[in-house]
Amino acid sequence: MKDVQLEKPGDFDAWRSAARRLLAGGVAPEEVGWRVGSAGASLFGEGSLPRSGAPVNLPRELIEVAERVICHRDADVPARLYRIIWRAAHDKQLLARGADPDIDWLRKADKAIRRDVHKMHAFVRFRRLGEEAGRECFVAWFEPSHRIIPLAAPFFQRRFFGMDWAIVTPDARAIWRNETLTYGPGGSRDEVPDTDVVEEQWRTYYGAIFNPARVKINAMRAEMPKKYWRNLPEAEDIAALVAGAEARAERMREAAVSLANPLTEKWRKPVPEDDAPDDVTTLEALARAVDRCKRCPLHCSATQGVAGEGPKRARIMLVGEQPGDQEDLQGRPFVGPAGQLLDGALAEAGLDRRQLYLTNAVKHFKFTPRGKRRLHENPSAGEIDACRWWLDKERALVKPDLIITLGASALRGVTGKSLSIKSMRGTVHPLESGGQLIATIHPSFLLRMPDKLRAASEREAFVADLACARDLAA
Amino acid sequence: MSAKPILEKLAILADAAKYDASCASSGTVKRDSTGTRGIGSTEGMGICHSYAPDGRCISLLKILLTNFCVYDCRFCINRASSNVERARFSPAEVVRLTLDFYKRNYIEGLFLSSGIIRSEDYTMEQLVEVARLLREEHRFQGYIHLKTIAGADPGLVALAGIYADRLSTNVELPTEAGLTSFAPEKRPETIRKTMASVRVGESGAIEAAKGRLIGKARPPRFAPAGQSTQMIVGADAARDDDILKTATNLYSAYQLRRVYYSAYSPIPDASSDLPPLRPPLMREHRLYQADWLLRFYGFERTEILEGAKDGMLDLAIDPKLAWALQRREIFPVDINRAPRELLLRVPGLGTRAVDRIVAARRLGRLRLGDLARFTASVKKLLPFIVTPDWRPGSLTDSAELRARFAPPAEQLALAL
């Protein structure tokens with residue numbers, strides 16, 4: 001039997017160096033007796049061990065967990081940890097064995113420590129001591145469940161770099177002064193002032209933010225156990241707040257509804273008129289009217305109605321299907337991936353986007369939500385037909401010589417008929433309302449093509465259609 | 001008005017802010033005060049510094065800049081026609097309170113909202129000014145959540161995103177009909193546009209970050225904790241189905257981090273057209289559970305409402321269990337062989353338990369006794385799982401299965 005004497009409880013370095021040597025010496029956990037306290041001067045009692053041995057590789061995660069769990073107050077922690085690293089040295093998968101009793105204990109102990117640290121970060125309450133050389137000084141008294149000061153203090157350093165502070169606990173203290181963190185012995189509550197000038201404000205806030213209509217005391221106590229209450233200034237008010245809650249809530253429910261505040265009419269913002277007829281005499285007014293459109297249910301989910309964009313006297317009008325995700329967010333047509341592809345194709349065909357009027361057959365984005373994305377959905381014939389009212393107004397205002405339809409929906413939007421692009425493509429069609437029509441594919445069709453070679457040849461055909469339009473309008 | 005002492009203003013403006021459910025301070029970037037030599041840090045995971053007796057966490061100083069408001073939303077205590085006492089903080093007072101509270105470790109930061117005064121733009125400017133003062137004049141590195149005022153200029157929203165960790169725009173009511181009748185000045189499309197401008201700001205910041213490889217200047221981070229919203233539950237006639245439909249749309253369109261569901265709570269001096277009821281807390285709870293199923297468990301909205309009556313979730317049992325009872329042909333599933341996606345559908349298994357089961361079963365078959373190490377509710381699992389030493393037999397299809405889980409009738413009455 002080897003006796004190991006650790007001078008201080010919760011000292012990870014001492015435990016680690018002892019454990020290392022025991023491990024190197026091949027000492028099984030059953031053969032070690034761990035003791036804590038400053039009884040003996042030497043680390044090892046009876047049997048001597050090699051000063052050092054071949055290093056044993058352990059998973060990094062295990063070392064990190066052990067560094068936390070050593071702070072646990074249970075007396076058998078050093079022994080249990082040694083048994084676990086002994087087993088881990090012989091079983092590489094040990095940590096993943098969630099059903100193993102040792103690992104189960106380790107996880108629970110680690111969880112308890114991390115929770116204790118987290119609660120310390122949350123529930124320390126500083127009180128102001130004064131100011132020294134332009135730096136404010138604060139001090140707090142806290143009683144953690146375990147010996148976690150070294151685990152919890154670095155957080156306060158990161159957070160309160162610009163002030164001096166000390167946290168005193170029964171076991172140890174942490175002091176941040178002159179931009180240096182030091183540790184010292186435990187202390188007592190008397191070292192910390194009884195109150196702080198801001199506490200009255202804090203307690204006022206605590207009382208006011210509480211909603212008496214939804215008392216859930218158990219939910220509060222689960223997260224803020226009573227053991228912490230004695231060091232929380234606001235906790236003094238809990239009893240009174242709970243006692244008065246039902247009466248306050250009842251008063252709220254029963255209070256007669258009072259007359260409207262006489263100042264209401266003076267303050268109130270006039271409610272915008274919704275039923276004003278749409279002004280469609282200019283493109284600008286039309287864009288505003290499109291945004292308010294409720295002719296079909298698509299407006300319910302989309303961000304905004306996206307009208308066309310371009311010069312009033314554009315010779316060529318480009319009609320797409322509907323706004324996509326980016327168009328819907330930005331309120332402009334053809335700014336998403338398909339728009340970028342279109343820009344490239346236009347440039348190649350020798351067309352200047354700024355000279356064209358770009359719009360869509362349907363003005364609101366139709367989609368299916370899927371997690372954090374919106375999947376494009378084809379508009380129905382009914383939706384295209386409902387939206388034709390707007391497209392016709394745009395056509396009447398712009399009076400283009402040539403309309404290029406991109407995709408089947410655009411073709412239906414312009415012609416009112418379900419025609420196949422294949423049958424229409426490659427010829428120039430006269431339009432009843434005047435002007436001509438060229439039908440081609442939608443650029444998103446190219447984006448969706450998995451076959452790169454085919455996509456390249458399709459893109460060439462697309463650019464050729466645009467070039468043909470350029471020649472026609474020239 | 002300015003003569004009101006700070007304590008009185010604080011009581012009024014915190015009371016006015018408490019109907020906003022969110023108090024989260026998580027999800028932002030890691031930063032601390034080492035470089036600035038000031039104060040403040042964020043660690044990714046938020047901290048709840050206290051809990052009120054309503055069980056809600058107090059993480060941020062959650063206040064309104066003012067509760068004067070030109071809007072007249074029926075469900076809101078601060079509506080123009082309400083007789084509630086009014087107050088207004090100056091930006092400097094909010095800054096002072098935030099720093100005083102922060103230095104004493106009461107809070108993670110500030111959640112600032114406001115009634116609408118003068119105009120949407122003016123109000124937004126005031127909120128942004130508080131955040132600017134904290135960040136620029138006081139080198140404050142803590143968490144800031146700003147309410148974005150629907151309809152405010154996108155330029156102001158972009159500025160808010162530079163100072164704040166999180167932005168939120170409340171949709172208030174899940175349906176357009178509800179909003180039209182209860183919040184006449186608000187328009188759902190205005191709210192959605194404001195959310196869109198936050199998302200556009202966000203993606204702009206991501207693009208800028210990508211360009212950093214060649215550029216010199218560090219791009220301004222934009223609201224690193226993203227945006228969230230809140231819907232009031234139980235004030236209007238919207239069903240759970242409507243609520244979840246709106247939520248899924250919002251998650252997908254604006255990549256919200258969170259949608260908060262807030263049980264409508266009677267307010268003093270209530271408007272006469274609202275129910276003076278106890279807040280439907282259980283309904284709120286079920287909606288949160290459903291929201292989690294949507295986001296972390298691979299459920300579709302339609303699945304969650306499969307067995308629902310009139311588009312409402314079952315109040316007596318949780319939505320995953322309700323779904324499982326509808327789809328018993330899928331169960332029991334083999335704990336040692338079922339894919340992760342299927343384990344996630346087992347009532348009583350959370351995401352963490354599933355991950356640990358998947359890791360542990362690689363090293364050896366799991367028996368029933370082992371499961372207690374992964375979940376607290378082995379009893380709940382029994383009808384739905386198979387292990388080498390357990391088969392539920394006819395239990396899975398038993399007609400009494402629902403009764404086994406549903407609380408006795410009198411408790412149900414209490415929940416309503």
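Nothing in this text is a laboratory measurement; each read-out follows from the coordinates by a stated rule. Small disclaimer: the values here were computed from a predicted structure and weren't measured. We place every Cβ from the backbone using ideal geometry, glycine too, and count neighbours over all the protein chains shown.
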Exercise. Packing-wise, with mean Cβ within 10 Å as the measure, how do B:162-169, B:231-238 rank, highest first?
Worked result: B:162-169, B:231-238
Seminar exercise, completed: A correct Karplus calculation of ³J(HN,Hα) over the stretch A:204-211, with 6.51 cos²θ - 1.76 cosθ + 1.60, θ = phi - 60°, whole Hz and x for Gly and Pro, returns 4, 4, 4, x, 7, 7, 6, 9
Exercise. Which whole-Hz couplings ³J(HN,Hα) result when phi for each residue of the stretch A:423-437 is put into the Karplus expression 6.51 cos²θ - 1.76 cosθ + 1.60, θ = phi - 60°, listed in order with x for Gly and Pro?
Worked result: 6, 9, 5, x, 10, 9, 10, x, 9, 4, 7, x, x, 10, 10
For this session: With r as the distance between the Cβ atoms of A:ALA464 and A:ARG114 and R0 = 56 Å, compute the FRET efficiency 1/(1 + (r/R0)^6) and round to 0.05.
Result: 0.30
Seminar exercise, completed: HN-Hα couplings for the stretch A:449-459 via Karplus (6.51, -1.76, 1.60; θ = phi - 60°), in whole Hz with x for Gly/Pro, come out as 6, x, 7, 4, 5, 5, 4, 5, 6, 5, 5
For this session: Would you mind counting up the charge near A:PHE126? Only other residues with Cβ under 12 Å from its Cβ, with Lys and Arg at +1 and Asp and Glu at -1.
Result: +1
For this session: List the aspartates and glutamates whose Cα lies under 13 Å from the Cα of A:LYS393, skipping any in the same chain that are fewer than 8 positions away.
Result: A:ASP278, A:ASP279, A:GLU284
Exercise. To the nearest µm²/s, what D does Stokes-Einstein give for the stretch A:199-254 at 37 °C and 0.692 mPa s, using the Kirkwood radius over alpha carbon pairs as Rh?
Worked result: 273 µm²/s
Exercise. How long is the stretch B:82-150 along each principal axis, judged by its Cα atoms, biggest number first, in Å?
Worked result: 35, 24, 18
For this session: Hand me the trypsin sites (Lys or Arg not before Pro) from the stretch A:344-435 located in a DSSP loop with no more than 16 other Cβ atoms within 10 Å, in residue order please.
Result: A:LYS372, A:LYS417, A:ARG425
Exercise. In terms of modelled amide H atoms, which long-range or inter-chain residues lie less than 5 Å from the amide H of A:GLY33?
Worked result: A:LYS2, A:ASP3, A:VAL4
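Given the pairs A:LYS363/B:LYS245; A:LYS399/B:LYS186; A:LYS92/B:LYS379; A:LYS108/B:LYS147; B:LYS4/B:LYS103, which span a C-alpha to C-alpha distance of over 29 angstrom in this model? Intermediate values should be presented prior to the final figure.
Details: A:LYS363/B:LYS245 22 Å; A:LYS399/B:LYS186 37 Å; A:LYS92/B:LYS379 33 Å; A:LYS108/B:LYS147 39 Å; B:LYS4/B:LYS103 25 Å.
Check vs 29 Å cut-off fails for A:LYS399/B:LYS186; A:LYS92/B:LYS379; A:LYS108/B:LYS147.
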Exercise. Size of the dipole of the stretch B:82-174 about the Cα centre, Lys and Arg at +1 and Asp and Glu at -1 on the beta carbon, nothing else charged, in debye to 20?
Worked result: 280 debye
Seminar exercise, completed: Evaluated at 4 °C and 1.567 mPa s, the Stokes-Einstein D of the stretch B:319-415 based on the Kirkwood radius over Cα pairs, in µm²/s, stands at 92 µm²/s
Exercise. Taking a ≥ b ≥ c as the square roots of the eigenvalues of the Cα gyration tensor of the stretch A:2-119, is the shape rounded (a/c under 1.5), prolate (a/b larger than b/c) or oblate?
Worked result: oblate
Problem set entry | Simple label model, 7 Å out from Cα along Cβ direction - A:GLU254 to A:ARG35, nm | 7.0 nm
Problem set entry | Over chain B: Rg over Rh, Cα atoms, Kirkwood Rh | 1.01
Problem set entry | Interchain or long-range residues, amide H under 5 Å from B:ASP334's placed H | B:VAL386
For this session: Could you line up A:ILE113, B:ILE117 from fewest to most neighbouring Cβ atoms inside 10 Å?
Result: B:ILE117, A:ILE113
Problem set entry | Within the stretch B:314-416, trypsin sites (Lys or Arg not before Pro) in DSSP loop having at most 15 other beta-carbon neighbours inside 10 Å | B:ARG327, B:ARG337, B:ARG362, B:ARG365, B:ARG367
Exercise. So in the stretch A:124-191, what percent of DSSP beta bridges are antiparallel if you round to the nearest 5?
Worked result: 75 percent
For this session: Could you tell me the convex hull volume per residue, in Å³, taken over the Cα atoms of the stretch A:283-473?
Result: 110 Å³
Exercise. Cysteines without a disulfide-compatible partner in chain B, using Cβ under 4.7 Å as the rule?
Worked result: B:CYS23, B:CYS69
For this session: Set the Förster distance to 41 Å, then compute FRET efficiency between A:ASP74 and B:LYS30 from the Cβ-Cβ distance, nearest 0.05.
Result: 0.80
Seminar exercise, completed: When A:TRP86, A:TRP165 are ranked with the fewest other C-beta atoms within 10 Å first, the list becomes A:TRP86, A:TRP165
For this session: Taking the Cα centre of the protein assembly as shown as origin, work out the dipole magnitude from +1 charges on Lys and Arg Cβ and -1 charges on Asp and Glu Cβ, in debye rounded to 20.
Result: 1860 debye
Problem set entry | Length added when fully stretched, A:ALA28-A:THR182, from 0.36 nm per residue minus Cα-Cα | 51.8 nm
Exercise. Averaged over peptide A:149-158, how many Cβ atoms belonging to another chain are found within 10 Å of each residue's Cβ?
Worked result: 2
Exercise. Once you mark the GluC sites (Glu not before Pro) that are in a DSSP loop and have at most 15 other Cβ atoms within 10 Å, what is the longest gap between them in chain B?
Worked result: B:86-299
Exercise. Got a sec? Charge dipole of chain B, +1 on Cβ for Lys and Arg, -1 for Asp and Glu; which of B:PHE182, B:ALA87, B:ILE317 is way out at the positive end?
Worked result: B:ILE317
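For B:54-66, what's the mean count of beta carbons from other chains sitting within 10 Å of each residue's beta carbon?
5
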Exercise. Rounded to the nearest 500, what is chain B's calculated 222 nm mean residue ellipticity when only DSSP H runs of at least 4 contribute -39500 (n - 2.57) each, over all residues?
Worked result: -10500 deg cm²/dmol
For this session: Quick one: which residues, 5 or more positions from B:TYR51 or on another chain, have an amide H under 5 Å from its amide H? H modelled 1.01 Å from N in the peptide plane, none for Pro or chain starts.
Result: B:ILE58
